[in-house]
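> Before anything else, here's the structure in question.
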Amino acid sequence: MDWSHLKVALAVSRGGSLTRAAQLLGMDQTTAGRRLNALEDQLGVALFVRAKSGFLPTEQGQLVVERALKVEAEIDRMGEDIAASQAGAVGVVRLMGNNWVLERLATDVMPGLCAQHPKLEMVLSGRLPPAPLHGEATMSFWYDAAPHASEVSIPFCRVPYAAYRALNAECDPFDWVLFRDDDAHGPSFSRLVRKRLGPHARVRLTATDAHILRNAARAGVGQTMLPVCIGDIDPALQRVEGPGLATDRIMHLHINADTAETRRVQIVLAAIAERIEEALGARLLTPPDRILKTLTTARR
């Protein structure tokens, strides 16, 4: 039985559709469909029922998925054993988060990490997945997004923010460009900032990415709130002082307990934690050893 065919069945069960399965596997939908059909032909049974809500596993399909999960876990353990024998990280680790966070990690963490672990492959993705990526060694860093049901959310670090304006461009002191919290599931940062700015503030532009806000502020569209690690190093910006214009945001780590047990994830997490102050100007709240203890407790 071809493992590449079994992986498609697993991805369909996780994503709920052939389209999502193809996205998870990084292949086109035609190839994913062909492999699923080949697996069903080989077994002589239908593994999924095509319903309005998506692909639902049949009784035989559920059995195949459960067996495939065991195969996947065994392959992962084999990779971990190889890594342990080489005292390094082997395999793929996916990091998800805001683009500016990933950019800072790529600059300040990845060079040393990749040089030390030549068989480690990092995948950085600046998007929030519509379905949890089970079976992949994935860590996500978000401020306001809710974790998936299979994940635990842990306060990871405290990131300082401050207000900035263009150094050499005219800007009305009441005009602002602010974050848009599309993924907030509770009290949001943008609402907090608007409340602090008072009734006379005018929001001229909102965006979901810090670099867009930085560029708008540079051009004089308005003042903005930025991570200090971005604003302080920009020669085209200057700080704006005032009550409530400096604050912190808590960044959370979203991680699956099983994922956290893999050696490569622990190595990557330790590297990020070690350099989080240099990368984001942040204060670490939960070190890796406490994260592992929290996840162990959550599994009980």
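The values are calculated or read from the model by the stated rules, or taken from the named source; none is laboratory data. What you are looking at is a predicted structure, and each value in this text was computed from that prediction instead of being measured. For neighbour counting, all protein chains shown are included, and Cβ atoms are generated from backbone atoms with ideal geometry for every residue, glycine included.
> Please work out which one of (1) closer than 30 Å to residue 120 by Cβ; (2) touching a residue at least 40 places away in the same chain (Cβ under 8 Å); (3) of a type outside the set (D, E, K, R) is the condition residue 78 fails and give its number.
(2)
> Follow-up question, since we're still on this one. I'm trying to understand the selection: among the residues of the stretch 1-53, which are farther than 15 Å from residue 69 by Cα and of a type in the set (Lys, Arg)?
Answer for the stretch 1-53, where residues must be farther than 15 Å from residue 69 by Cα and of a type in the set (Lys, Arg): 20, 34, 35, 50, 52.
> How about the stretch 116-134: which of its residues are modelled with pLDDT under 60 and crowded, with 18+ Cβ neighbours inside 10 Å?
Matches in the stretch 116-134: 132, 133, 134.
> From 274, 278, 261, grab the single residue that is surrounded by 15 or more Cβ atoms within 10 Å (Cβ to Cβ) and either touching a Leu at 6+ places or on another chain (Cβ under 6 Å) or modelled with pLDDT of 95 or more (or both).
Testing whether each residue is surrounded by 15 or more Cβ atoms within 10 Å (Cβ to Cβ) and either touching a Leu at 6+ places or on another chain (Cβ under 6 Å) or modelled with pLDDT of 95 or more (or both) leaves just 274.
> Can you tell me which of (1) out of contact with any Lys or Arg (no Cβ under 7 Å at 6 or more places or on another chain); (2) without any contact (Cβ under 8 Å) to a residue 60 or more places away in the chain is the one residue 211 doesn't meet?
Status for residue 211: all satisfied but (2).
> Another question, if that's okay. Can you tell me which residue is surrounded by the fewest Cβ atoms within 10 Å (Cβ to Cβ) among those in the stretch 186-208 that are under 14 Å from residue 249 (Cβ atoms) and either touching a residue at least 40 places away in the same chain (Cβ under 8 Å) or not hydroxyl-bearing (Ser, Thr, Tyr) (or both)?
186
> Out of all the residues in the stretch 257-285, which are touching a Cys at 6+ places or on another chain (Cβ under 8 Å) and charged (D, E, K, R)?
The answer is 283, and nothing else.
> For the stretch 33-59, how many residues meet the condition of being within 11 Å of residue 16 (Cβ to Cβ) and of a type in the set (A, V, I, L, M, F, W, C)?
Final tally of qualifying residues: 4.
> So residue 93 clears everything in (1) in a helix (DSSP H, G or I); (2) in contact with an Asp or Glu (Cβ under 9 Å, 6 or more places away or on another chain) except one condition, right? Which one?
Going through (1) in a helix (DSSP H, G or I); (2) in contact with an Asp or Glu (Cβ under 9 Å, 6 or more places away or on another chain) one by one, residue 93 breaks only (1).
> Looking only at residues in the stretch 281-300 that are out of contact with any strand residue (DSSP E or B) (no Cβ under 8 Å at 6 or more places or on another chain) and in a helix (DSSP H, G or I), which one is modelled with the lowest pLDDT?
So, considering only residues that are out of contact with any strand residue (DSSP E or B) (no Cβ under 8 Å at 6 or more places or on another chain) and in a helix (DSSP H, G or I), the one modelled with the lowest pLDDT is 299.
> Could you check the stretch 147-174 and list, in sequence order, the residues that are without any contact (Cβ under 8 Å) to a residue 40 or more places away in the chain and aliphatic (A, V, I, L, M)? Outline the logic, then answer.
So the first thing to find is which residues in the stretch 147-174 are without any contact (Cβ under 8 Å) to a residue 40 or more places away in the chain, and the list is 149, 174.
If the condition is that a residue be without any contact (Cβ under 8 Å) to a residue 40 or more places away in the chain and aliphatic (A, V, I, L, M), then 149 is the only one that fits.
> So which helices (runs of 4 or more DSSP H) are wholly in the stretch 177-246 and hold at least 1 residues that are touching a strand residue (DSSP E or B) at 6+ places or on another chain (Cβ under 6 Å) and among the β-branched types (Val, Ile, Thr)?
On the way: elements: 189-197, 210-218, 228-231.
In the stretch 177-246, the matching helices (runs of 4 or more DSSP H) lie at 189-197, 228-231.
> Go through (1) of a type outside the set (S, T, N, Q); (2) modelled with pLDDT of 95 or more; (3) over 24 Å from the mean Cα position of the chain (by Cα) one by one and return the number of the condition residue 203 breaks.
(2)
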